[in-house]
Amino acid sequence: MPATLIDGKAVAAELRAALGLRVAAHIAKGKRAPGLAVVLVGDDPASQVYVGSKAKQTREIGMVSIEHRLPGKTSQQALLALIASLNADPAIDGILVQLPLPSQIDAEAVIEAIDPAKDVDGFHPISVGRLSSGGKAFVPCTPRGSMHLIHTVRRDLSGLHAVVVGRSNIVGKPMAQLLLAANCTVTIAHSRTRDLAAMCRQADILVAAVGRPRMLGAEHVKPGAIVIDVGINRIPSGEKSKLVGDVDFDAVMPIAGAITPVPGGVGPMTIACLLENTLESYERRMG
Ligand code: GUN
């Protein structure tokens, strides 16, 4: 039997609709709308697209989107000054600085300057620490979205073996923390892992977050496994280009129990979870 297709686009739309209702309920009580500030430095085309989509979806659910688009030569000092003003602004519940940043700016210093109470990306060391020690933390959006998708096909993950391929701060490491918190046995595999295929074949849940087109094939997947493909890779296709994941979808589909497509899987969940984090920040801040 071919795998169940996990429709991230539909799950994200449902989540946004539910968030929109929550926002409307607050506004109906006479409260202000939640506010999300997104900061983009420079003119990287992919980042421009992300930031535009974030702003549009923020407004669609009734929240306020404030965008700061700064020139590529912006100094670190100027960026830190902007963050300080956003930290102090009571109408802002979430602050996101789009990565990557230009080379004259120290991304770590910028992330650490964000008020942890507004760190809706979950990248601040306080958020990272809280996540690993089981505290109430903002969870990075892509792993949070991936967990939502896993839960659409399986509620109880207790005792399952999860293998996360990739060890980035944005996806691999926080994903492993979330799976651990859900009582999985967790392995983090990466480019130096020996016999990656044999390791991956042990996985009841396989999460691919390496950024290499179609790297995981049939030989990496145990029959019936839940496969979550975080990769978004642009590859040439005839005259044009197309998006593919880190998983060879056509090869894995007949083996897996459930799988996310690319596009339309994890991708749409990321912004939906950013909005979810922003609304949670608002609800915490408003008491
Ligand atoms: N660049 C790519 N993904 C992300 C993300 O989730 N957050 C931020 N701030 N920048 C990114």
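The values are calculated or read from the model by the stated rules, or taken from the named source; none is laboratory data. Everything numeric in this text was worked out from a predicted model, so none of it was measured. For neighbour counting, all protein chains shown are included, and Cβ atoms are generated from backbone atoms with ideal geometry for every residue, glycine included. Accessible surface is based on the protein model in full, side chains and every heavy atom, while ligands, DNA and RNA are left aside. Shrake-Rupley method; radii C 1.70, N 1.55, O 1.52, S 1.80 Å.
Sorting the segments 107-116, 250-259, 32-41 by their residues' average number of neighbouring beta-carbon atoms within 10 angstrom, most packed first, yields 32-41, 250-259, 107-116. From the Cα gyration tensor of region 80-166, with a ≥ b ≥ c the square roots of its eigenvalues, which class applies: rounded if a/c is under 1.5, or else prolate if a/b is larger than b/c, or else oblate? Prolate. Under 26 Å of direct C-alpha separation, and excluding same-chain neighbours fewer than eight residues apart, K118 reaches these lysines: K29, K31, K54, K56, K73, K136, K173.
Filter the trypsin sites (Lys or Arg not before Pro) in region 71-157 down to the DSSP loop ones having no more than 16 other Cβ atoms within 10 Å, then list what survives. Those that pass, being in a loop and sparsely packed, are K73, K136, R154, R155.
Taking Cβ separations below 4.7 Å as the criterion for a possible disulfide partner, the isolated cysteines in the chain are C184, C200.
For the chain, the longest principal axis of the alpha carbon atoms and the long axis of helix 76-88 meet at an angle near 80°.
Please find the FRET efficiency linking R192 to A84, where r is the Cβ-Cβ separation and R0 is fixed at 35 Å, and quote it to the nearest 0.05.
With a Förster radius of 35 Å, E is 0.30.
Taking Cα atoms only, the orientation of helix 45-60 departs from the longest principal axis of the chain by about 70 degrees.
Calculate how steeply helix 141-153 sits against the longest principal axis of the alpha-carbon atoms of the chain, using the helix alpha-carbon long axis, and give the answer as 0 to 90 degrees to the nearest 10. Helix 141-153 sits roughly 50 degrees off the main axis of the chain. Share of carbon and sulfur in the accessible area of the chain stands at 55%, probe radius 1.4 Å.
Given the options T185, T193, T260, which has the most mean-square fluctuation in a GNM of the chain, springs set between C-alpha atoms less than 10 angstrom apart? The residue with the greatest mean-square fluctuation here is T193. Rolling a 1.4 Å probe across the protein heavy atoms gives the chain an accessible surface of 46 Å² per residue.
Could you give the C-alpha radius of gyration of the chain expressed as a fraction of 2.2 N^0.38 Å, taking N as the number of residues it contains?
In units of the globular-protein estimate, the chain measures up at 1.02.
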